[in-house]
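This report refers to the structure that appears directly beneath it.
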Amino acid sequence: MFTERFLRHRRGVHLESEERARLEASISEIKTLPPRTNIVMAGDELSQSILLLEGFMSRYIDDRNGLRQLVAVHVPGDFVDLHAFPLKVLDHDVATMTAATVAIVPHSELEAITHDLPALTRKLWFSTLIDAAIHRAWLFRFGRLDAVGRVAHFISETNVRLMSAGLSDGRRFALGLIQSDLAEICGLTNVHINRVLRQLREERLCVFRSSLVEILEPAKLAARGQFDPAYLYIDLQSAESPSSRPRLNS
Amino acid sequence: MTEFSNTPQPQTKPGIASAEDGLVVLDGPDGVAVTMTADAAQKTGTSLISAAELAEKQVADNGFKNDI
């Protein structure tokens with residue numbers, strides 16, 4: 001089932017079997033993509049949206065010197081560019097970060113859903129609102145947090161999102177990103193990221209080994225990044241194992 | 001009536017600079033996180049000291065109160 005991770009464990013939202021079947025039927029194609037592949041370019045006219053099944057993808061904007069700022073990272077279960085359905089033209093590029101498997105959903109199918117299934121339409125809308133909530137959290141991260149805080153916030157956020165997708169046990173997850181990806185995500189240089197990762201390791205908060213992340217102290221890491229998972233609208237009770245829930249006040 | 005301001009305020013705590021792989025990394029205050037070459041860091045430092053001296057003179061001349 002391709003849509004298994006879509007809106008999984010989201011608070012107050014549950015896909016009914018009829019809705020899930022309709023969403024599955026709306027998929028026109030499954031594609032496997034290599035890492036570092038551009039999928040959508042800003043300004044392209046679009047007639048389909050992408051549901052990410054496996055791997056990591058990003059949305060990004062390059063500055064006039066070609067330096068990249070990632071503005072979103074997508075995990076399995078995300079409808080990466082659902083906002084392209086009403087917008088038709090995006091203001092940013094979309095690319096794979098790792099090898100990825102995606103489901104293609106034509107906009108004509110989404111159009112039909114809006115006519116036939118208003119409840120499912122609201123749930124699709126809900127998923128774009130989650131994206132907006134994540135953007136707000138990223139703005140906070142850049143505006144208020146220092147280097148260690150930014151990385152701590154991103155790792156804590158990714159951990160909870162992957163817990164929701166069933167890809168983290170609350171402490172360990174595979175993150176197929178390289179150091180320069182983290183730099184672009186957190187607006188830091190490679191040297192700075194290197195130092196931050198060392199600091200997190202020395203403070204026994206979090207360890208990166210190859211592409212594996214181990215969070216040694218989830219609550220302390222969350223506190224260091226001022227991370228409060230409320231904005232992800234995830235039902236943590238059902239998504240997590242009891243010992244790993246991030247708590248700001250501990 | 002007491003008014004509260006949530007806008008960013010002037011920092012009273014200094015940022016911390018350190019050397020890393022032949023570069024200067026500045027952490028804080030607040031959301032500041034920047035890496036500079038040694039030359040850029042030295043020039044920034046000189047500029048900061050000049051501006052700080054001027055700001056102190058402004059306080060002395062005009063009686064500005066930096067009682068944040």
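The values are calculated or read from the model by the stated rules, or taken from the named source; none is laboratory data. In this text the structure is predicted, and so the values were computed from the model without any measurement. Counting neighbours? That spans all protein chains shown, and the Cβs are built from the backbone with ideal geometry, glycine included. For the accessible areas, the whole protein counts, side chains as well, though only heavy atoms, and no ligand, DNA or RNA atoms are used. Shrake-Rupley method; radii C 1.70, N 1.55, O 1.52, S 1.80 Å.
So here's what we get for this one:
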{"item": "Chain lengthening between A:PHE126 and A:ALA21 when straightened (0.36 nm per residue, less Cα-Cα)", "result": "36.0 nm"}
{"item": "Calculated over the stretch A:89-155: convex hull of Cα atoms, volume per residue (Å³)", "result": "139 Å³"}
{"item": "Accessible surface of the protein assembly as shown, 1.4 Å probe, proportion on carbon and sulfur as whole %", "result": "54 percent"}
{"item": "Cubic angstrom per residue, convex hull over Cα atoms of the stretch A:52-108", "result": "78 Å³"}
{"item": "Share of pairwise Cα separations in the stretch A:91-201, more than 23 Å, in percent", "result": "43 percent"}
{"item": "Size of the B/A contact, given as accessible area buried on both chains, probe 1.4 Å, in Å²", "result": "1000 Å²"}
{"item": "Whole-Å semi-axes of chain A's equivalent ellipsoid (Cα gyration tensor)", "result": "30, 22, 15"}
{"item": "Residues of the stretch A:180-199 buried by at least 40 Å² on assembly (accessible area, 1.4 Å probe, chain alone as reference)", "result": "A:VAL191, A:HIS192, A:ARG195"}
{"item": "Cα-based radius of gyration of the stretch A:1-76 once divided by 2.2 N^0.38 Å, which approximates compact folds", "result": "1.34"}
{"item": "Cα Rg, Dmax (largest Cα-Cα span) when computed across the stretch A:1-135, Å", "result": "14.5, 49"}
{"item": "With eigenvalues of the C-alpha gyration tensor scaled by 5 and rooted, the stretch B:16-62, Å", "result": "26, 13, 6"}
{"item": "Global form of the stretch A:133-191, assessed from the alpha-carbon gyration tensor, a/c cut-off 1.5", "result": "oblate"}
{"item": "Rounded FRET efficiency, nearest 0.05, which uses the C-beta distance separating A:SER210 from A:VAL13 and R0 of 41 Å", "result": "0.75"}
{"item": "Kirkwood-Stokes translational diffusion coefficient of the stretch A:155-218, alpha-carbon pairs, 20 °C, 1.002 mPa s, µm²/s", "result": "179 µm²/s"}
